[in-house]
Amino acid sequence: MSEASTRKIRVTVRAVQILESLDVDKTGEFIFWSSVSSDGGPSVEARYPANGHMKISEEPVFNRAVLNWVIFEGEVTDHLSVELKGEEEDRFGGNDFLTTYEREFQGPAADWLGAYGPGADDGDEDDPEMMSDWRVTLRIEAA
């Protein structure tokens, strides 16, 4: 990587919104995982929360959780791959998995800076942050 073509960035999961908890009480116990790779390098993986789980309801007033979870901070040139997975713990049966979020960023890293979320005006024809069972809001900024 040449110094002129690299840029240090930070990727943060700002918030998640659960559309449907499969628990009877409509409040699920969730765990999230991230996997981020840049420029063909090794993946940086993380878990949120680091231990245990977080409770999120499917009720519209309570179904959004602010995380501000930094999933990547490092130098990139022209490629970034972000994958997020969510799992709802189930005490009585097998755990339930949310739809996997995947997004690829290509081109100059300076062009990626900004917010990405459901309905964001980020040039997408489709909306990868708006999945059938959950939503995610990301922020990419210079670090």
In nm, give the distance between the simple-model label positions of Glu102 and Ala115, each being 7 Å from the Cα along the Cα-to-Cβ direction. 2.8 nm
Accessible area per residue, 1.4 Å probe, Å², for the stretch 60-131: what's the number? 58 Å²
Reachable lysines, given that their alpha-carbon falls under 29 Å from the alpha-carbon of Lys26 and they are not under 8 places away in the same chain: Lys55, Lys85
Once the convex hull of the C-alpha atoms of the stretch 1-76 is built, how many Å³ does it hold per residue, rounded to a whole number? 102 Å³
Given the protein chains as shown and a 1.4 Å probe, how many square angstrom of His79 are accessible, to the nearest 10? 50 Å²
One finds, for Asn95 and Glu73 with R0 = 25 angstrom and r their Cβ-Cβ distance, a FRET efficiency to the nearest 0.05 of 0.25
The Kirkwood hydrodynamic radius of the chain, taken as the inverse of the mean 1/r over all distinct Cα pairs, in Å, comes to 15.9 Å
With bins of 10 Å, the percent of all Cα-Cα pairs of the stretch 73-138 per bin from 0 is 17, 44, 26, 10, 3
Which value, in debye to the nearest 20, describes the size of the charge dipole of the stretch 35-114 about its Cα centre when Lys and Arg Cβ atoms bear +1, Asp and Glu Cβ atoms bear -1, and nothing else is charged? 280 debye
Zone of Ser5's modelled label, taken as backbone nitrogen in the stretch 64-82 under 18 Å from a point 7 Å along Cα→Cβ: 75-81
Using Cα pairs under 8 angstrom and six or more residues apart, how large is the relative contact order of the chain, in percent? 33 percent
Placing one equal point scatterer on each C-alpha of the stretch 54-103 and summing with Debye, one gets log10 I(q)/I(0) at q = 0.21 Å⁻¹ equal to -0.99
Heavy-atom accessible area of the chain with neighbours in place, 1.4 angstrom probe: carbon+sulfur share in percent works out to 46 percent
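The values are calculated or read from the model by the stated rules, or taken from the named source; none is laboratory data. Quick caveat: nothing in here was measured; it's all calculated off a predicted structure. As a convention, Cβ positions derive from the backbone with ideal geometry for all residues, glycine included, and neighbour counts pool all protein chains shown. Each accessible area value is taken on the protein alone, full model and side chains, heavy atoms only, with ligands, DNA and RNA left out. Shrake-Rupley method; radii C 1.70, N 1.55, O 1.52, S 1.80 Å.
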